[in-house]
1. Please give the per residue volume of the convex hull enclosing the alpha carbon atoms of the protein assembly as shown, rounded to a whole number of Å³.
2. Run the 1.4 Å probe and let me know the accessible area of residue A:47, rounded to the nearest 10 Å².
3. Once you average over the residues of A:83-89, how many Cβ atoms of partner chains fall within 10 Å of each Cβ?
4. I need the calculated FRET efficiency for the pair residue A:136 and residue A:80, taking r as the beta carbon distance and R₀ as 22 Å, to the nearest 0.05.
5. For region B:24-89 and region A:113-137, write down the distance between their C-alpha centroids in whole Å.
6. Averaged per residue, what accessible surface does region B:3-131 expose to a 1.4 Å probe, in Å²?
7. Do you know the relative contact order of chain B, to the nearest whole percent, from alpha carbon pairs under 8 angstrom that are 6+ apart?
8. Return the value, in Å² to the nearest 100, of accessible area buried between chains B and A (probe 1.4 Å, both sides summed).
2 protein chains.
Amino acid sequence: MSISKKLLNNYGLRNTAFRKKLLQLFQNSDSSLTVEYIKDKIGRNNDKVTIYRALNTFEKSGLIHQVPDRNNLSRYALCNVECNPSNHIHHHAHFICDYCDNTLCIEEIDFPKIKKIKGFKFKKIELIIQGSCPKCL
Amino acid sequence: MSISKKLLNNYGLRNTAFRKKLLQLFQNSDSSLTVEYIKDKIGRNNDKVTIYRALNTFEKSGLIHQVPDRNNLSRYALCNVECNPSNHIHHHAHFICDYCDNTLCIEEIDFPKIKKIKGFKFKKIELIIQGSCPKCL
DNA sequence: TAATTAACGCAACTAAGCTGCAAATATAAA
DNA sequence: TTTATATTTGCAGCTTAGTTGCGTTAATTA
Ligand SMILES: [Zn+2]
Ligand SMILES: [Zn+2]
Ligand SMILES: [Zn+2]
Ligand SMILES: [Zn+2]
(Lines give C-alpha, C1' and ligand atoms only; values in the text may rest on other atoms or scores of the structure.)
(Ligands and ions follow the chains in the order given, each with its own letter.)
Protein backbone atom coordinates (compact mmCIF):
# COMPACT_ATOMS: atom_id res chain seq x y z
CA MET A 1 0.00 0.00 0.00
CA SER A 2 1.42 3.37 -0.98
CA ILE A 3 1.96 5.96 1.66
CA SER A 4 -0.49 8.48 0.26
CA LYS A 5 -3.09 5.74 0.03
CA LYS A 6 -2.45 4.90 3.69
CA LEU A 7 -2.88 8.57 4.48
CA LEU A 8 -6.31 8.47 2.83
CA ASN A 9 -7.48 5.15 4.13
CA ASN A 10 -6.33 4.86 7.70
CA TYR A 11 -8.61 6.54 10.15
CA GLY A 12 -10.11 8.64 7.33
CA LEU A 13 -7.22 11.06 7.35
CA ARG A 14 -7.68 14.15 5.24
CA ASN A 15 -5.12 14.93 2.62
CA THR A 16 -4.21 18.50 3.46
CA ALA A 17 -1.43 20.63 2.03
CA PHE A 18 0.38 20.67 5.34
CA ARG A 19 0.33 16.92 5.69
CA LYS A 20 1.66 16.42 2.19
CA LYS A 21 4.53 18.77 2.93
CA LEU A 22 5.24 16.95 6.18
CA LEU A 23 5.19 13.56 4.54
CA GLN A 24 7.54 14.75 1.83
CA LEU A 25 9.99 15.91 4.45
CA PHE A 26 10.14 12.37 5.76
CA GLN A 27 10.37 10.84 2.30
CA ASN A 28 13.17 13.16 1.28
CA SER A 29 15.20 12.31 4.34
CA ASP A 30 17.25 9.20 4.96
CA SER A 31 17.00 9.55 8.71
CA SER A 32 14.58 10.47 11.44
CA LEU A 33 13.31 14.00 12.06
CA THR A 34 12.86 16.16 15.13
CA VAL A 35 10.14 18.74 15.60
CA GLU A 36 12.82 21.42 15.48
CA TYR A 37 13.98 20.27 12.06
CA ILE A 38 10.43 20.11 10.79
CA LYS A 39 9.71 23.60 12.06
CA ASP A 40 12.73 24.93 10.23
CA LYS A 41 12.03 23.22 6.95
CA ILE A 42 8.30 23.67 6.78
CA GLY A 43 8.41 27.39 7.45
CA ARG A 44 6.97 29.34 10.29
CA ASN A 45 3.53 29.65 8.71
CA ASN A 46 2.55 26.40 10.31
CA ASP A 47 2.18 26.30 14.05
CA LYS A 48 4.07 23.88 16.25
CA VAL A 49 0.77 22.54 17.57
CA THR A 50 -0.16 21.53 14.06
CA ILE A 51 3.12 19.71 13.73
CA TYR A 52 2.70 17.86 17.02
CA ARG A 53 -0.84 16.85 16.17
CA ALA A 54 0.06 15.70 12.69
CA LEU A 55 2.96 13.63 13.99
CA ASN A 56 0.66 12.06 16.51
CA THR A 57 -1.91 11.22 13.88
CA PHE A 58 0.70 9.89 11.49
CA GLU A 59 2.06 7.65 14.19
CA LYS A 60 -1.33 6.18 15.02
CA SER A 61 -1.92 5.48 11.34
CA GLY A 62 1.27 3.53 10.90
CA LEU A 63 2.92 6.11 8.68
CA ILE A 64 5.72 6.95 11.08
CA HIS A 65 7.14 5.60 14.31
CA GLN A 66 8.80 7.32 17.20
CA VAL A 67 12.50 6.68 17.60
CA PRO A 68 14.76 7.37 20.56
CA ASP A 69 16.56 10.67 20.63
CA ARG A 70 19.85 11.52 22.28
CA ASN A 71 18.23 14.48 24.02
CA ASN A 72 14.90 12.87 24.73
CA LEU A 73 13.06 14.97 22.18
CA SER A 74 10.22 13.76 20.00
CA ARG A 75 11.74 12.19 16.95
CA TYR A 76 10.07 10.17 14.18
CA ALA A 77 10.99 8.07 11.20
CA LEU A 78 9.00 6.65 8.29
CA CYS A 79 7.61 3.18 8.71
CA ASN A 80 7.92 0.57 6.06
CA VAL A 81 4.75 0.39 4.01
CA GLU A 82 3.48 -2.69 5.80
CA CYS A 83 2.61 -0.82 8.98
CA ASN A 84 -0.96 0.09 9.83
CA PRO A 85 -2.92 1.24 12.87
CA SER A 86 -3.32 -2.24 14.31
CA ASN A 87 0.01 -3.76 13.32
CA HIS A 88 2.75 -1.31 13.97
CA ILE A 89 5.71 -3.26 15.27
CA HIS A 90 9.23 -2.91 14.02
CA HIS A 91 12.05 -5.37 14.17
CA HIS A 92 14.98 -3.14 13.52
CA ALA A 93 17.53 -1.52 15.77
CA HIS A 94 17.91 2.19 16.33
CA PHE A 95 21.25 3.87 16.23
CA ILE A 96 21.97 7.13 18.02
CA CYS A 97 25.02 9.07 16.93
CA ASP A 98 26.92 10.68 19.79
CA TYR A 99 28.32 13.35 17.50
CA CYS A 100 25.59 14.54 15.13
CA ASP A 101 22.74 13.67 17.51
CA ASN A 102 20.93 11.87 14.74
CA THR A 103 18.95 8.65 15.09
CA LEU A 104 18.94 6.07 12.33
CA CYS A 105 16.83 2.99 11.76
CA ILE A 106 19.12 0.04 11.09
CA GLU A 107 17.60 -2.89 9.26
CA GLU A 108 20.90 -4.68 8.75
CA ILE A 109 21.10 -5.94 12.32
CA ASP A 110 19.79 -9.37 13.15
CA PHE A 111 17.35 -8.64 15.86
CA PRO A 112 18.27 -10.71 18.89
CA LYS A 113 16.05 -13.49 20.15
CA ILE A 114 15.44 -12.91 23.85
CA LYS A 115 14.36 -15.90 25.84
CA LYS A 116 11.54 -15.59 28.31
CA ILE A 117 11.98 -14.96 32.00
CA LYS A 118 9.65 -16.39 34.56
CA GLY A 119 7.22 -13.85 35.95
CA PHE A 120 7.49 -11.41 33.07
CA LYS A 121 5.55 -11.01 29.88
CA PHE A 122 7.57 -9.46 27.06
CA LYS A 123 5.58 -7.54 24.48
CA LYS A 124 8.12 -5.37 22.73
CA ILE A 125 11.87 -5.44 22.52
CA GLU A 126 13.96 -2.47 21.57
CA LEU A 127 17.60 -2.42 20.65
CA ILE A 128 19.32 0.94 20.87
CA ILE A 129 22.92 1.37 19.88
CA GLN A 130 25.06 4.40 20.51
CA GLY A 131 28.27 5.36 18.81
CA SER A 132 29.33 7.21 15.70
CA CYS A 133 27.51 7.09 12.41
CA PRO A 134 29.12 6.86 8.96
CA LYS A 135 29.09 10.62 8.53
CA CYS A 136 30.85 11.21 11.84
CA LEU A 137 33.23 8.26 11.90
CA MET B 1 33.93 -1.54 48.72
CA SER B 2 30.70 -0.58 50.50
CA ILE B 3 28.35 1.88 48.90
CA SER B 4 28.61 4.49 51.62
CA LYS B 5 32.37 4.29 51.39
CA LYS B 6 32.12 4.82 47.65
CA LEU B 7 30.03 7.87 48.37
CA LEU B 8 32.84 9.21 50.52
CA ASN B 9 35.71 8.26 48.30
CA ASN B 10 34.77 8.81 44.71
CA TYR B 11 35.01 12.40 43.61
CA GLY B 12 35.37 13.42 47.24
CA LEU B 13 31.63 13.53 47.76
CA ARG B 14 30.57 14.97 51.09
CA ASN B 15 28.54 12.75 53.31
CA THR B 16 25.55 14.96 53.99
CA ALA B 17 22.32 14.01 55.72
CA PHE B 18 20.35 14.48 52.54
CA ARG B 19 22.64 12.26 50.49
CA LYS B 20 22.47 9.50 53.09
CA LYS B 21 18.68 9.64 53.00
CA LEU B 22 18.70 9.58 49.22
CA LEU B 23 21.07 6.65 49.07
CA GLN B 24 18.97 4.72 51.56
CA LEU B 25 15.92 5.23 49.38
CA PHE B 26 17.72 3.47 46.58
CA GLN B 27 19.05 0.74 48.82
CA ASN B 28 15.64 0.06 50.29
CA SER B 29 14.04 -0.26 46.88
CA ASP B 30 14.21 -3.21 44.50
CA SER B 31 13.56 -1.06 41.47
CA SER B 32 14.42 2.28 39.96
CA LEU B 33 13.18 5.61 41.31
CA THR B 34 11.73 8.72 39.75
CA VAL B 35 12.20 12.23 41.06
CA GLU B 36 8.53 12.29 41.94
CA TYR B 37 8.88 9.23 44.16
CA ILE B 38 11.96 10.67 45.81
CA LYS B 39 10.18 13.96 46.48
CA ASP B 40 7.34 12.12 48.15
CA LYS B 41 9.50 9.88 50.28
CA ILE B 42 12.13 12.33 51.29
CA GLY B 43 9.72 14.98 52.46
CA ARG B 44 9.19 18.46 51.15
CA ASN B 45 11.95 19.97 53.27
CA ASN B 46 14.38 19.23 50.53
CA ASP B 47 14.09 21.14 47.32
CA LYS B 48 13.70 19.46 43.95
CA VAL B 49 16.84 21.21 42.74
CA THR B 50 18.80 19.49 45.47
CA ILE B 51 17.40 16.18 44.33
CA TYR B 52 18.28 16.78 40.70
CA ARG B 53 21.79 17.85 41.60
CA ALA B 54 22.39 14.92 43.92
CA LEU B 55 21.16 12.47 41.32
CA ASN B 56 23.48 14.02 38.82
CA THR B 57 26.43 13.78 41.17
CA PHE B 58 25.58 10.21 42.14
CA GLU B 59 25.44 9.23 38.50
CA LYS B 60 28.82 10.72 37.72
CA SER B 61 30.32 8.85 40.67
CA GLY B 62 29.07 5.47 39.54
CA LEU B 63 26.59 5.09 42.38
CA ILE B 64 23.50 5.11 40.19
CA HIS B 65 22.67 4.93 36.50
CA GLN B 66 19.87 6.43 34.52
CA VAL B 67 17.29 3.98 33.22
CA PRO B 68 14.62 4.46 30.57
CA ASP B 69 11.21 5.57 31.75
CA ARG B 70 7.86 4.96 30.14
CA ASN B 71 7.04 8.65 30.31
CA ASN B 72 10.50 9.93 29.54
CA LEU B 73 11.09 11.18 33.05
CA SER B 74 14.40 11.08 34.88
CA ARG B 75 14.70 7.70 36.53
CA TYR B 76 17.66 6.08 38.26
CA ALA B 77 18.72 2.74 39.69
CA LEU B 78 21.61 1.65 41.87
CA CYS B 79 24.73 0.43 40.13
CA ASN B 80 26.50 -2.71 41.14
CA VAL B 81 29.43 -1.91 43.38
CA GLU B 82 31.96 -2.32 40.59
CA CYS B 83 30.95 0.92 38.91
CA ASN B 84 33.07 4.01 39.29
CA PRO B 85 33.43 7.39 37.60
CA SER B 86 35.59 6.10 34.77
CA ASN B 87 34.03 2.68 34.28
CA HIS B 88 30.32 2.93 34.35
CA ILE B 89 28.97 0.54 31.77
CA HIS B 90 26.21 -1.95 32.38
CA HIS B 91 25.46 -5.14 30.59
CA HIS B 92 21.95 -5.79 31.68
CA ALA B 93 18.59 -5.19 30.05
CA HIS B 94 15.96 -2.76 31.25
CA PHE B 95 12.36 -3.73 31.53
CA ILE B 96 9.55 -1.19 31.39
CA CYS B 97 6.16 -2.27 32.72
CA ASP B 98 3.23 -1.01 30.68
CA TYR B 99 0.92 -1.20 33.67
CA CYS B 100 2.73 0.10 36.76
CA ASP B 101 5.10 2.34 34.76
CA ASN B 102 8.07 0.94 36.64
CA THR B 103 11.47 0.21 35.18
CA LEU B 104 13.50 -2.77 36.36
CA CYS B 105 17.11 -3.77 35.77
CA ILE B 106 17.19 -7.35 34.56
CA GLU B 107 20.44 -9.20 35.02
CA GLU B 108 19.04 -12.58 34.03
CA ILE B 109 19.01 -11.84 30.32
CA ASP B 110 21.94 -12.88 28.20
CA PHE B 111 22.97 -9.67 26.64
CA PRO B 112 22.95 -10.15 22.87
CA LYS B 113 26.15 -10.02 20.84
CA ILE B 114 25.65 -7.56 18.02
CA LYS B 115 27.95 -7.88 15.08
CA LYS B 116 29.54 -4.82 13.56
CA ILE B 117 28.18 -2.97 10.60
CA LYS B 118 30.42 -1.28 8.08
CA GLY B 119 30.56 2.49 8.51
CA PHE B 120 29.40 2.54 12.11
CA LYS B 121 31.22 2.46 15.38
CA PHE B 122 29.23 0.92 18.21
CA LYS B 123 30.06 2.13 21.69
CA LYS B 124 27.10 1.20 23.80
CA ILE B 125 24.21 -1.17 23.32
CA GLU B 126 20.96 -0.95 25.19
CA LEU B 127 18.24 -3.52 25.39
CA ILE B 128 14.86 -2.27 26.48
CA ILE B 129 11.94 -4.61 26.92
CA GLN B 130 8.32 -3.64 27.42
CA GLY B 131 5.52 -5.72 28.79
CA SER B 132 4.12 -6.63 32.16
CA CYS B 133 6.18 -7.17 35.27
CA PRO B 134 5.62 -9.94 37.87
CA LYS B 135 3.47 -7.65 40.01
CA CYS B 136 1.19 -6.77 37.12
CA LEU B 137 1.10 -10.09 35.29
C1' DT C 1 -23.50 24.35 -3.85
C1' DA C 2 -24.59 23.72 0.91
C1' DA C 3 -23.93 20.98 5.03
C1' DT C 4 -20.85 18.42 7.77
C1' DT C 5 -16.73 17.25 9.89
C1' DA C 6 -11.88 17.29 10.48
C1' DA C 7 -7.69 20.12 10.56
C1' DC C 8 -5.45 24.41 11.51
C1' DG C 9 -3.75 28.61 14.07
C1' DC C 10 -3.54 31.25 18.03
C1' DA C 11 -3.03 32.08 22.86
C1' DA C 12 -2.43 30.52 27.03
C1' DC C 13 -1.06 26.80 30.00
C1' DT C 14 1.73 22.79 32.24
C1' DA C 15 5.57 20.71 34.14
C1' DA C 16 10.38 18.82 34.03
C1' DG C 17 14.52 20.28 34.61
C1' DC C 18 18.09 24.10 34.91
C1' DT C 19 20.70 28.54 36.56
C1' DG C 20 22.36 32.01 39.74
C1' DC C 21 23.13 33.41 44.11
C1' DA C 22 23.19 33.76 49.06
C1' DA C 23 23.02 30.98 53.32
C1' DA C 24 24.25 26.68 55.60
C1' DT C 25 27.11 22.79 56.37
C1' DA C 26 31.07 19.62 55.85
C1' DT C 27 35.85 19.04 55.70
C1' DA C 28 40.72 20.61 56.18
C1' DA C 29 44.11 23.56 58.25
C1' DA C 30 45.86 26.05 62.06
C1' DT D 1 38.87 23.72 69.26
C1' DT D 2 38.69 27.35 66.36
C1' DT D 3 39.19 29.23 61.82
C1' DA D 4 39.42 29.05 56.95
C1' DT D 5 38.04 26.85 52.57
C1' DA D 6 35.17 24.39 49.59
C1' DT D 7 30.98 22.11 48.68
C1' DT D 8 26.12 21.62 49.19
C1' DT D 9 21.60 23.31 49.94
C1' DG D 10 17.33 26.23 49.41
C1' DC D 11 14.98 29.68 47.16
C1' DA D 12 13.28 32.24 43.32
C1' DG D 13 12.91 32.57 38.90
C1' DC D 14 13.76 30.88 34.25
C1' DT D 15 13.58 27.76 29.95
C1' DT D 16 11.33 25.08 26.77
C1' DA D 17 9.00 20.74 25.02
C1' DG D 18 4.72 19.49 24.65
C1' DT D 19 -0.53 20.12 25.62
C1' DT D 20 -5.39 22.08 25.85
C1' DG D 21 -9.32 24.87 24.42
C1' DC D 22 -11.61 27.21 21.10
C1' DG D 23 -12.87 29.84 17.15
C1' DT D 24 -11.71 29.85 12.13
C1' DT D 25 -10.60 27.61 7.86
C1' DA D 26 -10.51 23.98 4.67
C1' DA D 27 -11.63 19.21 2.93
C1' DT D 28 -14.98 15.87 2.13
C1' DT D 29 -19.87 14.32 1.45
C1' DA D 30 -24.62 14.76 0.22
ZN1 LIG E 1 26.74 11.24 13.29
ZN1 LIG F 1 12.97 2.82 13.20
ZN1 LIG G 1 4.16 -3.66 36.62
ZN1 LIG H 1 19.96 -0.88 35.14
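1. It is 166 Å³ per residue.
2. Roll a 1.4 Å probe over it and residue A:47 shows about 80 Å².
3. 0
4. With R0 = 22 Å, the Cβ-Cβ based efficiency is 0.30.
5. Taking the Cα centre of each part, region B:24-89 and region A:113-137 sit 23 Å apart.
6. On the way: 7350 Å² over 129 residues.
Value for region B:3-131: 57 Å² per residue.
7. Result for chain B is 21 percent.
8. About 2600 Å² of accessible surface is lost on pairing.
The values are calculated or read from the model by the stated rules, or taken from the named source; none is laboratory data. Bear in mind that the values here come from a model prediction, so they are computed numbers and not experimental data. We place every Cβ from the backbone using ideal geometry, glycine too, and count neighbours over all the protein chains shown. Quick note on the areas: whole protein, heavy atoms, side chains included, nothing else; ligands and nucleic acids left out. Shrake-Rupley method; radii C 1.70, N 1.55, O 1.52, S 1.80 Å.
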